[in-house]
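For reference, the structure discussed in these notes is given below.
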Amino acid sequence: TFFFPGLTPMEKKLAEYKCNTNEAIQLKLVRFPEDLEDENTTFNPEYSHQVFGDDEVAFGYKGLKILLYYIAGNLSTLFRIEYTARVNEKFDCVEADDVESKIREIIPPGFCTNTDDFVSLLEKEVNFKPFGMLLHTYSIHNEEAGEDITYQIYKADMTCPGFREYHERLQTFLMWFIETASFIDVDDERWNYFLVFEKYNKDGATLFATVGYMTVYNYYVYPDKTRPRVSQMLILPPFQGEGHGAQLLETVHRYYMSSPTVLDITAEDPSENYVKLRDFVLVKLCQDLVCFSPVKLMQGFSQEMVTEAQQKLKINKQHTRRVYEILRLRATNMADAEQSRSYRLDVKRRLIGPYKKKQRELAKMRRCLRPEEMTNQLNQIDLNLQREQLEESFQQLVSDYRRVLERLAQA
């Protein structure tokens, strides 16, 4: 509920009919009928601006609930809207937002609107099996259950029966958890899909629940190579923080590493979290390469590192450089003044690249402007600011790198 002081009685009354859509939308992944009533299985979107506008508000309802429940495996959907009150004609010609059409635009047709139909679909869930080819199986110990839970990663494509429809349901989650999500053109055969499932037991049978997925687009590189680019990656909220992202990314890397036609693997507009994840996975893959031995790390970044990382692990030069800086930090005694200084200079030399480019651009501008328009003072401020920003970037980087190394030590 929103409160707005200093409004007219009419405006106040209308304000009562505004609902925050991130709170109103209730998502569930249902395994058992009792999950429907269990509030602990409910989770909410991080974003709803792509459907409900930048203010993430639905107008016209009190106590609005937008229920989007999915069967855990095949993601058959229950969609229902509930509310305690709705604006009516008595209010100067104001109309409630058409919430239903907005949701229908992103969820595929064929959903249930009542619980009984949904529960009867739940009984058929035992027939659901993952799509495609099994690439990797791993276990994670679950404290709550007091046992190891098994997960599997599959590679699928649109030729798998039923996958197209399943993918349409799966991709609706992107709207709620990726800030700039968009649906992909599934008719383009250059897409690869990698899916994570959990195996669980129900009445003595083994069932599969959807955990997350990744889409990768294979770009053509002249004359006979491809460059797979990670487009979207999502681990569903109930499974986040358990290490599935790292398992998925490493599995996808290993899948492409075995292909002689792949040049290297990149990512489209990666988020901060994805970069941290990638740092961890790539460092884990690279740490045993000969070119990253402590002795070689202390000699600085080399072409040998670039070549070996690309040929053996399909890692590009830019990512190899980050791997080198992380592993060199591990090999460096930062309490030793000389080693610490050498590391700092090495990283800052890379960080200063963009600043130097800016300096060159400024120099060009200076040639076009009259001297009195560009005072010497400006240059001085510029340099001090630059030093501060450089130091700040360096400290931030080292703290990110330390987190990667801590995670690596626990792996």
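Structure values in brief
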| read-out | value |
| --- | --- |
| Selected residue (criterion: most open to solvent (accessible area, probe 1.4 Å)) from residues of region 251-269 that are part of a loop (DSSP other than H, G, I, E, B) and at pLDDT 90 or above | PRO260 |
| Qualifying residue in region 81-98 (condition: closer than 30 Å to TYR193 by Cα and assigned by the TED database to the domain that holds GLU37) | no |
| Enumeration of residues in region 46-76 that are in a strand (DSSP E or B) and surrounded by fewer than 22 Cβ atoms within 10 Å (Cβ to Cβ) | VAL57, PHE59, LYS62, LYS65, LEU67, LEU68 |
| Of residues in region 95-109 being among the acidic types (Asp, Glu) and assigned to a loop (DSSP other than H, G, I, E, B), the one nearest to the chain's Cα centre (by Cα) | GLU105 |
| 2 or more residues more than 23 Å from the chain's Cα centre (by Cα) and assigned by the TED database to the domain that holds ASN22: qualifying helices (runs of 4 or more DSSP H) within region 110-217 | 115-123 |
| Test for GLY132: is it out of contact with any helix residue (DSSP H, G or I) (no Cβ under 6 Å at 6 or more places or on another chain), touching a residue at least 60 places away in the same chain (Cβ under 8 Å) and surrounded by 14 or more Cβ atoms within 10 Å (Cβ to Cβ) | yes |
| Matching residues, region 205-225, being surrounded by fewer than 19 Cβ atoms within 10 Å (Cβ to Cβ) and closer than 25 Å to ARG31 by Cα | ALA205, THR206 |
| Index of the failed condition, SER293 passing every other in (1) open to solvent by 20 Å² or more (accessible area, probe 1.4 Å); (2) hydroxyl-bearing (Ser, Thr, Tyr); (3) under 24 Å from LEU234 (Cα atoms); (4) at pLDDT 95 or above | (3) |
| Identity of the residue in region 320-339, of a type outside the set (A, V, I, L, M, F, W, C) and open to solvent by less than 20 Å² (accessible area, probe 1.4 Å), that ends up farthest from the chain's Cα centre (by Cα) | THR332 |
| Identity of the residue in region 142-159, among the hydrophobic types (A, V, I, L, M, F, W, C) and closer than 13 Å to ASN201 by Cα, that ends up least open to solvent (accessible area, probe 1.4 Å) | ILE149 |
| Exclusive hit being among the charged types (D, E, K, R) and either without any contact (Cβ under 8 Å) to a residue 60 or more places away in the chain or under 29 Å from MET10 (Cα atoms) (or both), set GLU56, GLU46 | GLU56 |
| Pick from region 78-94, criterion in contact with a Lys or Arg (Cβ under 6 Å, 6 or more places away or on another chain) and assigned to a strand (DSSP E or B), ranking: nearest to LEU236 (Cα to Cα) | GLU82 |
| Test: residue in region 27-39 that is in contact with a Ser or Thr (Cβ under 7 Å, 6 or more places away or on another chain) and without any contact (Cβ under 8 Å) to a residue 12 or more places away in the chain | yes |
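Rundown of residues vs (1) over 30 Å from GLN247 (Cα atoms); (2) open to solvent by 60 Å² or more (accessible area, probe 1.4 Å); (3) touching a Phe, Trp or Tyr at 6+ places or on another chain (Cβ under 6 Å), yes/no style:
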residue: ARG80; (1), (2), (3): yes, yes, no
residue: GLU100; (1), (2), (3): yes, yes, no
residue: GLY110; (1), (2), (3): yes, yes, no
residue: THR137; (1), (2), (3): no, yes, no
residue: ILE140; (1), (2), (3): no, no, no
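The values are calculated or read from the model by the stated rules, or taken from the named source; none is laboratory data. Only a predicted model underlies this, so the values are computations on that prediction, with no experimental measurement involved. So basically every Cβ, Gly included, is an ideal-geometry build from the backbone, and we count neighbours across all protein chains shown. Quick note on the areas: whole protein, heavy atoms, side chains included, nothing else; ligands and nucleic acids left out. Shrake-Rupley method; radii C 1.70, N 1.55, O 1.52, S 1.80 Å.
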